Amino acid sequence: MLIVGELINTSRKAISEAVEGKDAQYIQQVAREQLEAGANYIDVNCGNKVFNEVEYMQWLVTTIQEAVQAPLCIDSPNPQALEAGLALAKYGTPMINSITDEGPRFEAILPLVLKYKAKVVALCMDDHGMPETAADRMRVVDSLYRKLTAAGVKDDDIYFDPLVKPVSSVQTAGVEVLETIKLIKQNYPEVHFMCGLSNVSYGLPNRKVLNRLFVAQTMTLGMDGYILNPTDKSMMGVIYAGATLLGKDDYCMGYLKAHRKGLYEE
């Protein structure tokens, strides 16, 4: 299970203020807390700083790496900002979030994937927009898989994002994601998955309940990567317990470690 810590994102007010004020101590504290809580990657996203994004991305990557030796997920709609972050990433294999099957986006991001030998989140979107059904998503998956592997990207470096939408606006949104995961797993068993699953509960009360249940559902079908808040003890507890029950936790060591860290305390 690969966990990408989502908290260093300038769409969050505290992070935005820290970035604008160049508060390195706060950014480093957030990075450390995520790593200590169980994150495997630290997401770096300053995409809403459209006029200074490249500068802020460089500062963030440098600042984070002064505090933690963790691989980074460089997250931006801007290819220039992606490359600015990738060029400075020095620990482990970097990840790019994300590539799509939209013509200009694919052509701009693929060279970065190859140049930096990065893992890549492949989002199920193309020039037709955001697909509604699992069948529509699989059309995009098939195309992206064919193009990425033809270019030399390994299955193990591809992380398909099945595009989670809110069930508050699309009643079948959850079901379509589950069906997509099942189909991807059947057709491309060596690839991985990644998603920001909290979108599923957007606009509803008691969001954490829905998010935790959706983690359990998606894990059962093969989901093996999430972009989330790793300091949410209840969510991490569900993930560790799920891995144990699915036979992916040797000697229940992950579950026991989670117990010792107090993830299951009432």
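The values are calculated or read from the model by the stated rules, or taken from the named source; none is laboratory data. Predicted model only: the values in this text are computed from it and were never measured. Cβ atoms come from the backbone with ideal geometry, glycine included; neighbour counts cover every protein chain shown. Note: accessible area is taken over every heavy atom of the protein model, side chains too, but ligands, DNA and RNA are not part of it. Shrake-Rupley method; radii C 1.70, N 1.55, O 1.52, S 1.80 Å.
Couple of notes before you dig in:
- Amide H contacts under 5 Å for ASP161, placed H, 5+ residues apart: ALA122, LEU123, CYS124, MET194
- Taking 7 Å steps out from each Cα toward its Cβ at THR133 and GLU17 produces label points 4.8 nm apart.
- Here the chain has 52 percent of its accessible surface on carbon and sulfur atoms, given a 1.4 Å probe and all protein chains in place.
- When the convex hull of its Cα atoms is projected in every direction, mean area for the chain (nm²): 13.9
- Solvent exposure of the stretch 112-172, expressed per residue, is 46 Å² of accessible area, with all protein chains present and a 1.4 angstrom probe.
- Excluding ligands, DNA and RNA, the accessible surface per residue across the stretch 179-226 is 47 Å² with a 1.4 Å probe.
- For the stretch 28-144, the mean projected area of the C-alpha convex hull, equal to one quarter of the hull surface, is 7.9 nm².
- In nm, spacing of pseudo-spin labels at GLN58 and GLU107 (7 Å Cα→C-beta vector): 2.7
- Interchain or long-range residues, amide H under 5 Å from ASP224's placed H: PHE193
- Distance (nanometres) between label positions extended 7 Å along Cα→Cβ at LYS248 and LYS261: 1.6
- Helix-only mean residue ellipticity at 222 nm for the chain, each DSSP H run of n ≥ 4 adding -39500 (n - 2.57), per residue, nearest 500: -15000 deg cm²/dmol
- Karplus-derived 3J(HN,Hα), 6.51/-1.76/1.60, for each residue of the stretch 62-68, Hz, glycine and proline x: 4, 5, 4, 6, 6, 10, 9
- Note, ³J(HN,Hα) from phi for the stretch 86-91, Karplus 6.51, -1.76, 1.60, rounded to Hz, x at Gly and Pro: 4, 5, 9, 5, 10, 10
- Where N is the number of residues in the stretch 160-251, Cα Rg divided by 2.2 N^0.38 Å: 1.05
- Whole-Hz ³J(HN,Hα) from phi, Karplus 6.51 cos²θ - 1.76 cosθ + 1.60, for the stretch 96-101, glycine and proline x: 10, 10, 7, 10, 10, 9
- With a Förster radius of 25 Å applied to the beta-carbon distance between VAL170 and THR93, the computed FRET efficiency rounds to 0.15.
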